[in-house]
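The values are calculated or read from the model by the stated rules, or taken from the named source; none is laboratory data. It should be emphasised that the depicted structure is a prediction, and the values quoted were computed from it without experimental measurement. So basically every Cβ, Gly included, is an ideal-geometry build from the backbone, and we count neighbours across all protein chains shown.
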Amino acid sequence: MTAEPLARRDWMGLIARAPLSQLDAFWPDDPPAFTWLRAPETGAMMVRGRAGAVGAPFNLGEVSVTRASVRLECGTVGHALVQGRSPRKAERAALLDALLQTAAGAALQKRVLSPLQQGEQDRAEGRARRAAATKVDFFTLVRGDA
């Protein structure tokens, strides 16, 4: 976790990956008035992969996504594209994107993004610990003089 403010690309990814329960927990007390530019709508996107992360790309399959766009009364526009079928998460993500671009952005970085970043880091460390517990170290014994 860094002390520097996140760039928009980074905060949009962080918000999109965050569980809805965490977004609800850190949600601003009084969300601002807004108008829909694009109400939440669910669709599908093709996920592509690469064999060994370097091979030729191939179509892995489709994933459900929900997108939304909002405009605050001050004119700031926020967008969201989240995995799954959650209109509420897409709405909150779009509103947070818009709010983070306003004067309230610095306070929201500390109040919302820092805990989300810490939660993501904790989950990654937990996965690494569980994977390390199953690690098997193999070694080769040299037999005789070679």
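For the residues 126, 119, 78, the requirement of being out of contact with any Pro (no Cβ under 6 Å at 6 or more places or on another chain) and under 15 Å from residue 40 (Cα atoms) singles out 78. Of everything listed in (1) free of Cβ contacts under 8 Å to residues at least 60 places away in the same chain; (2) in contact with a strand residue (DSSP E or B) (Cβ under 6 Å, 6 or more places away or on another chain); (3) outside any strand (DSSP E or B), the single unmet condition for residue 16 is (1).
Contact annotation: residue pairs with Cβ atoms under 6 Å, 6 or more positions apart or on different chains, pairing a residue in the range 36-49 that is closer than 15 Å to residue 98 by Cβ with a partner that is of a type in the set (Lys, Arg), are 37/71. Taking the numbered list (1) among the acidic types (Asp, Glu); (2) surrounded by 10 or more Cβ atoms within 10 Å (Cβ to Cβ); (3) touching a residue at least 40 places away in the same chain (Cβ under 8 Å) in turn, residue 62 passes all entries but (3). Looking at 35, 42, 66, which one is at pLDDT 95 or above, under 20 Å from residue 116 (Cβ atoms) and in contact with a strand residue (DSSP E or B) (Cβ under 9 Å, 6 or more places away or on another chain)? Exactly one of 35, 42, 66 is at pLDDT 95 or above, under 20 Å from residue 116 (Cβ atoms) and in contact with a strand residue (DSSP E or B) (Cβ under 9 Å, 6 or more places away or on another chain), namely 66. Taking the criterion of being more than 20 Å from residue 10 (Cα to Cα) and more than 14 Å from the chain's Cα centre (by Cα), would at least one residue in the range 101-120 satisfy it? The answer is no; no qualifying residue exists.
Criterion first (closer than 13 Å to residue 92 by Cα, part of a strand (DSSP E or B), in contact with a Leu (Cβ under 8 Å, 6 or more places away or on another chain) and not small (Gly, Ala, Ser)) does residue 48 satisfy it? Taking the combined requirement at face value, the residue does not satisfy it. Sort through 90, 103, 107 and tell me the only one that's outside any loop (DSSP other than H, G, I, E, B), without any contact (Cβ under 8 Å) to a residue 24 or more places away in the chain and hydrophobic (A, V, I, L, M, F, W, C). When all the criteria are applied, what remains is 107.
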